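Novice: Can you keep this structure in mind? I'll have questions shortly.
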Amino acid sequence: MEVTEKTRCLIIGSGPAGYTAAIYAGRANLSPILYEGLQPGGQLTTTTEVENFPGYPEGVDGTQLMEDLKKQAARFGADIRSGLATAADLSKFPYKITIEGEKVIETQTLIIATGATAQYLGLEDEKKYAGMGVSACATCDGFFYRKKTVAVVGGGDTACEEAIYLAGLASKVYLIVRKPFLRASKIMQRRVLDHEKIEVLFEHNAVGLFGDKAVEGVHLVKRRGESDEKAYDLAIDGFFLAIGHKPNSDIFAPYLKTDAIGYIITEGDTPRTKLPGVFAAGDVADSVYRQATTAAGSGCKAAIEAERYLSDHKL
């Protein structure tokens with residue numbers, strides 16, 4: 001497939017990392033091209049209200065926040081386009097990215113800001129109550145459940161951390177665990193099991209949610225023996241998924257260093273990857289914080305690094 005367009009800076013992804021990179025790259029006169037991907041605006045567009053992004057003292061709707069960032073990037077000359085990157089060739093410079101299996105763009109610098117996708121159970125009710133009681137980020141949404149009852153699904157370190165965080169806000173936290181044991185580290189297990197506000201429901205599966213306009217409870221099935229199960233309903237106000245995230249790095253992974261899950265590994269506290277001129281920003285390279293503000297900060301770093309790379313190499 002022949003190259004159909006060339007650019008100095010190509011940004012793949014449109015969450016806080018991608019849009020912030022576009023703002024900085026645009027102001028540096030790099031004339032960046034940004035492809036928004038499958039979910040323009042990223043994961044925040046599934047959140048009703050964001051209260052912890054700086055500059056919005058009264059909070060802001062997640063979709064509105066992303067629209068604000070998009071407008072700001074466009075103001076500084078970013079060429080923002082709809083479309084999904086479907087293939088990458090990073091085997092040699094300049095790099096080539098295929099869009100929708102049809103168009104090939106050749107770029108001198110590449111900023112990967114494709115984010116990560118939260119893993120869900122696959123229940124229809126998760127979609128039905130998205131933003132109305134269902135969340136995959138306790139740090140993002142826990143504040144809305146102060147003195148309420150919530151459930152966390154998962155048995156690993158992340159689930160235990162989420163449960164402990166929520167226990168500092170909610171009146172009661174149920175930890176729904178499919179297996180008869182926790183997979184978390186011993187210290188995290190102890191903290192959860194000893195916490196007065198957390199109740200662990202071992203050998204339980206969440207099979208559905210119910211409520212009028214928002215989540216009011218969860219349908220549970222408890223395994224009591226090899227062929228013995230008990231179904232019952234549990235009243236809750238919030239349902240948090242903590243069964244992992246999948247970084248959207250598949251097309252880039254053959255060329256870059258990634259961890260076992262697929263998060264792109266960068267050099268120290270920078271967005272630099274092992275390939276010169278290729279940078280990773282936001283959740284695709286962050287398995288720890290996964291916050292809008294940290295993603296925006298890394299997008300800023302990536303754009304500054306791209307500008308320096310182009311300048312240093314007189315490109």
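The values are calculated or read from the model by the stated rules, or taken from the named source; none is laboratory data. Treat the numbers as computed from the prediction; the structure is a model and nothing was measured. Glycine also receives a Cβ, built like all others from the backbone with ideal geometry; neighbour counts cover every protein chain displayed.
Novice: Given (1) within 17 Å of the chain's Cα centre (by Cα); (2) in contact (Cβ under 8 Å) with a residue 40 or more places away in the chain, identify the lone condition not met by L315.
Specialist: (1)
Novice: Next question, about the same structure. Just to check your reading of the model, which residue among A253, A303, A280, A295 is assigned by TED's automatic domain parsing to the domain that holds G62, among the small types (G, A, S), within 21 Å of L10 (Cβ to Cβ) and in contact with an Asp or Glu (Cβ under 8 Å, 6 or more places away or on another chain)?
Specialist: A295
Novice: Scan L69, L110, L123 and give me the residue that is among the aliphatic types (A, V, I, L, M), buried (at least 17 other Cβ atoms within 10 Å of the Cβ) and more than 15 Å from I11 (Cβ to Cβ).
Specialist: The unique qualifying residue is L123.
Novice: Would you check which residues across the range 133-192 are of a type in the set (V, I, T) and over 25 Å from A292 (Cβ atoms) and list them?
Specialist: T149, I176, V177, I187, V192
Yes/no per residue for (1) assigned to a helix (DSSP H, G or I); (2) in contact with a helix residue (DSSP H, G or I) (Cβ under 8 Å, 6 or more places away or on another chain):
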residue: K179; (1), (2): no, no
residue: L182; (1), (2): no, yes
residue: I187; (1), (2): yes, no
residue: R191; (1), (2): yes, yes
residue: V200; (1), (2): no, yes
residue: V221; (1), (2): no, no
residue: A231; (1), (2): no, no
residue: I243; (1), (2): no, yes
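Novice: Out of the residues in the range 33-66 that are within 26 Å of K128 (Cβ to Cβ) and of a type in the set (V, I, T), state the one that is surrounded by the fewest Cβ atoms within 10 Å (Cβ to Cβ).
Specialist: It comes out as T48.
Novice: Right, here's the next one. I'm trying to understand the selection: among the residues of the range 157-171, which are outside any helix (DSSP H, G or I) and surrounded by fewer than 17 Cβ atoms within 10 Å (Cβ to Cβ)?
Specialist: Those that are outside any helix (DSSP H, G or I) and surrounded by fewer than 17 Cβ atoms within 10 Å (Cβ to Cβ): G168, S171.
Novice: Checking I105 against (1) at pLDDT below 95; (2) more than 16 Å from Y19 (Cα to Cα); (3) surrounded by 17 or more Cβ atoms within 10 Å (Cβ to Cβ), which test does it fail?
Specialist: Only one criterion in (1) at pLDDT below 95; (2) more than 16 Å from Y19 (Cα to Cα); (3) surrounded by 17 or more Cβ atoms within 10 Å (Cβ to Cβ) is unmet by I105, namely (1).
Novice: Still on this structure, please answer the following. Run D125 past the list (1) in the same structural domain as A163 (by TED's automatic domain parsing); (2) at pLDDT below 95 and report the number of the one that doesn't hold.
Specialist: All conditions pass for D125, except number (2).
Novice: Right, next: Considering only residues that are in contact with a helix residue (DSSP H, G or I) (Cβ under 6 Å, 6 or more places away or on another chain) and over 18 Å from L38 (Cβ atoms), which ones fall in the range 104-130?
Specialist: T109
Novice: Which residues, taken from the range 276-315, are among the aliphatic types (A, V, I, L, M) and either surrounded by fewer than 17 Cβ atoms within 10 Å (Cβ to Cβ) or in a helix (DSSP H, G or I) (or both)?
Specialist: Those that are among the aliphatic types (A, V, I, L, M) and either surrounded by fewer than 17 Cβ atoms within 10 Å (Cβ to Cβ) or in a helix (DSSP H, G or I) (or both): V284, A285, V288, A292, A295, A296, A302, A303, I304, A306, L310, L315.
Novice: Mind listing whichever residues of the range 253-275 are assigned to a loop (DSSP other than H, G, I, E, B) and in contact with a Leu (Cβ under 7 Å, 6 or more places away or on another chain)?
Specialist: Y255, L256, T273, K274, L275
Novice: To continue, here is another question. Select from the range 172-194 the residues that are β-branched (V, I, T) and either on the phi > 0 side of the Ramachandran plot or modelled with pLDDT of 95 or more (or both) and write down the one among them that is surrounded by the most Cβ atoms within 10 Å (Cβ to Cβ).
Specialist: The extreme case among them is V173.
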